[in-house]
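First comes the structure, then the notes that go with it.
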Amino acid sequence: MNELANLDGAALSLDPVRSRYQCIEMPDSLDSNVYMAEKRKSYRLPAKQFRTPSNASDSLSFLLPKITTLDQAVEALRFRGVEKPADPHNIDVGEAVQQYARLPLAYLATREVGELFLQILAAMRLSSTLRDPCAIRYARFYNDQDIAGTLEPPAAPDFLHSLEGTAFKLVGVAGCGRTAFLQRVRAALGRPRKMVREAGSGPREMYFMPVLIVSWPKSGTKKELFQNFRSAFISEIGSSGSANKMFTFFSGKNAQNAVIATCVLLNLGLLVVDGGCKAALEHGETSEVLDFISTFQSRTGIPVIVSGTYIFDLAVMKRGSRSTKFGTCGAAYFDAVPAPCSGKTVKGDPKHLWTQLSDWQWKLGHREFAVPPPEFFAKATWDLTAGVHQQFCEACNDLHQKILHDPGLLEPDAMTEERLRELFSVRLRSFQEPLRVITTFRESRQVDKDDLIAYADYLPFEAFQTSFARSTFRMSR
């Protein structure tokens, strides 16, 4: 299979549950019946023709990838970014440069993130099974949604209440893989699709959007959040035709209902709110957005993921009852990778994770593919990046470019530890201050006030457990 085929989930097999819908690519524009409730009522089939919920053959879960084992989950998330070279000793530099543009997309999945992906998929399958527009109980709720805001928002059916609290949280140090994981989840779930019914009862046409990733609003307001929803929808389905008309309802006093109704009518499988950080706490409140996310989840039954750094998560936890739902379905923590240990590499051993990561990153290079990394590579690169995954990957990508144009760097004794540190240091100049703060805290378990304020997103959970750290930040409410 072409290594690049799973960039957008195209290579993944879907759940073979029988369905009377034919699945096609998302069109350039949405039909107007999606956002006009009155028009949708005349467009749908009579309610008496809807089947009973006991028959789940038309469940939207058939559109989710058929991934049921941990090995399948890890394989679905893993992505080399570049193809393996046919002949490492005869490289087409121009072709390699084009492929290296995809190096930032490379992702080495661990068993831990594979387990998390399986939990997320399980929650999505349950939600998609209950939220079936072909089942008469849900069909009434589905067809009463009104993006234009001319109708009162419908109450969620009783059977959706079992999905309340289906919320995950991802917490970790900046640059340690939260967003990279979410982007791979998005790729594994595939693109939005349009479904056309070929036979039987139910809506003649429906849309299915597997996942929507929305940025946390830096101002902390719902107004900015709803605009971020608009931007995320445009990136997924475009802004032409009826879609552009639909987005006009995302502002104004009825914007909240419009956003929720749009997610219901497009059969959104998973909502992700990513980017919670110290900056989001400085310019606004968390309460308003958290209240909306709770309302969204209770009114739709759609699983939600909230992602942010430790300082952001602590601020969320200070909201008391507002934060109790987040993480109840699963929580994952993304920290810097531990320092590599000497000795034989053992698969799955966290003490050897950096060695595995460094070996994998080295072999992404076309020229490096046939040459083992220097013995000091793992230890030296960890010292230079403090185990922060994003910084390591960015520096490795620059290293691949340099070796591509200067293959002499792979000659015996050419790539010394001093030379490697010199090459990495150029790329990591902007990371020197965060590195200093991280290293200081690891050695002394202390950090001064100015550094704590400036680089809070780079610090681990333990850095915020002192009374000094807690008094430094006045968490907004």
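Does residue 233 satisfy the criteria of being of a type in the set (Phe, Trp, Tyr), modelled with pLDDT under 95 and part of a helix (DSSP H, G or I)?
When the stated conditions are applied, residue 233 passes them.
Filter segment 252-270 down to residues that are free of Cβ contacts under 8 Å to residues at least 60 places away in the same chain and hydrophobic (A, V, I, L, M, F, W, C) and give me whichever is surrounded by the most Cβ atoms within 10 Å (Cβ to Cβ).
268
Taking residue 120 as the residue in question, decide whether it is among the β-branched types (Val, Ile, Thr), closer than 16 Å to residue 301 by Cα and buried (at least 22 other Cβ atoms within 10 Å of the Cβ).
Values: among the β-branched types (Val, Ile, Thr): yes; closer than 16 Å to residue 301 by Cα: yes; buried (at least 22 other Cβ atoms within 10 Å of the Cβ): yes.
Yes.
Just checking, how many residues over segment 96-113 are out of contact with any strand residue (DSSP E or B) (no Cβ under 7 Å at 6 or more places or on another chain), within 14 Å of residue 360 (Cβ to Cβ) and not in a helix (DSSP H, G or I)?
Qualifying residue count for the region: 3.
Out of everything in segment 409-430 that is part of a loop (DSSP other than H, G, I, E, B) and of a type in the set (D, E, K, R), what residue ends up being farthest from residue 375 (Cα to Cα)?
Let us first name the residues in segment 409-430 that are part of a loop (DSSP other than H, G, I, E, B), namely 411-416, 428.
From what is left, the residues that are of a type in the set (D, E, K, R) are 411, 413.
Working: 411: 15, 413: 12 Å.
Looking at the filtered set, the residue picked out is 411.
Have a look at 437, 388 and point out the one that is crowded, with 17+ Cβ neighbours inside 10 Å, more than 25 Å from residue 181 (Cα to Cα) and within 29 Å of the chain's Cα centre (by Cα). I'd like the intermediate steps shown before the answer.
Details: 388 fails: more than 25 Å from residue 181 (Cα to Cα).
Going through 437, 388 in turn, the sole match is 437.
What are the residues in segment 72-95 that are within 30 Å of residue 121 (Cβ to Cβ), outside any helix (DSSP H, G or I) and not aromatic (Phe, Trp, Tyr), if any? I'd like the intermediate steps shown before the answer.
Start the filter on segment 72-95 by keeping residues that are within 30 Å of residue 121 (Cβ to Cβ), which leaves 72-84.
From what is left, the residues that are outside any helix (DSSP H, G or I) are 78-84.
Once the filter is applied, which keeps residues that are within 30 Å of residue 121 (Cβ to Cβ), outside any helix (DSSP H, G or I) and not aromatic (Phe, Trp, Tyr), segment 72-95 yields 78, 80, 81, 82, 83, 84.
The values are calculated or read from the model by the stated rules, or taken from the named source; none is laboratory data. Owing to the predicted nature of the structure, the values given are computational and were not obtained by experimental measurement. Heads up, the Cβs are rebuilt from the backbone with ideal geometry, glycines too, and the neighbour counts pull from every protein chain shown.
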